[in-house]
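Below is one structure, written out as structure tokens; the observations come after it.
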Amino acid sequence: MPQKWVGSGLRLQPAQASVPPATCSASKKSTAIVLGCRLCGQQRGHMAKRKTSRKQVRKVTKKARKPAASPKRTTPDVLLAPLRGATRRTVGHVQLEVGRVGAARVKRMIYPAGFRWSVDMKPVVGTDLCMHAHVGFLASGRFAIQYPDGCRVEARAPQIVAIDPGHDGWVVGKEPAVFIEFDFEGDTVARLGMPSAHRHE
């Protein structure tokens, strides 16, 4: 078939023969439509929309539901629970429980927040300072001890504690102090080999 030349001036271009849509062989085969046909834009766009819709469906996922949080279980504070086999009483706002073991005593003393020996216990005992020696361990809380020479010692649970006779003391912080003590009543200093008064070695 002879070529026809169109245009004006010095540049001439061969006229391109248009292909009617009916002659597109790609429209008869679905596989050619998936790959894409340059001449059949309508079918290509149709398949592209279908592919895009499938991708969007795949991206939509259901969010996994988080299991409901189980309620927290509160356990009783065994440090404050009543002691079996012990005698219980309150002295100067201090909860005191005493149990005898041979010649010794095992005591649990719960000092409330805000307690101070010179304020709460002095009127009961009748001395300016506590004249008892204390040996044991601080199981909970904090307290401070001060001697007449100005020496001050602070204990924080858990800590082993040895306190010489002749002292003032108070609870530090807003929590009660729980002190477990071992003594021999009036013979504690001699039996445990402790000094009779506070001194610096």
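Rule-based calculations on the coordinates, nothing more; no lab input. Owing to the predicted nature of the structure, the values given are computational and were not obtained by experimental measurement. Glycine gets a Cβ as well: all are built from the backbone with ideal geometry, and neighbour counts include every protein chain shown.
Structure above, values below:
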read-out: Cleavage-rule hits (trypsin sites (Lys or Arg not before Pro)) in region 156-201: DSSP loop, at most 15 neighbouring Cβ within 10 angstrom; value: K174, R199
read-out: Rounded to the nearest 20 debye, dipole of region 87-192 from Cβ charges on Lys, Arg, Asp, Glu; value: 380 debye
read-out: For V153, net neighbour charge (Lys/Arg +1, Asp/Glu -1) across residues whose Cβ lies under 14 Å away; value: 0
read-out: Gyration tensor verdict on region 138-201 (Cα atoms; rounded if a/c is under 1.5, prolate if a/b is larger than b/c, oblate otherwise); value: oblate
read-out: Alpha-carbon centroid distance for the pair region 178-201 / region 115-151, whole angstrom; value: 13 Å
read-out: Net +/- balance of residues flanking I180 in space, Cβ distance below 14 Å, scoring K and R +1, D and E -1; value: 0
read-out: Residue-count net charge about A103 - beta-carbon cut-off 13 Å; Lys, Arg +1, Asp, Glu -1; value: 0
read-out: Theoretical gain in end-to-end length, R142 to E185 [0.36 nm per residue, Cα-Cα removed]; value: 13.1 nm
read-out: Sites A197 and L80, calculated FRET efficiency, Cβ-Cβ separation with R0 45 Å, nearest 0.05; value: 0.85
read-out: Cα shape, region 87-192, gyration tensor, a/c 1.5 rule; value: rounded
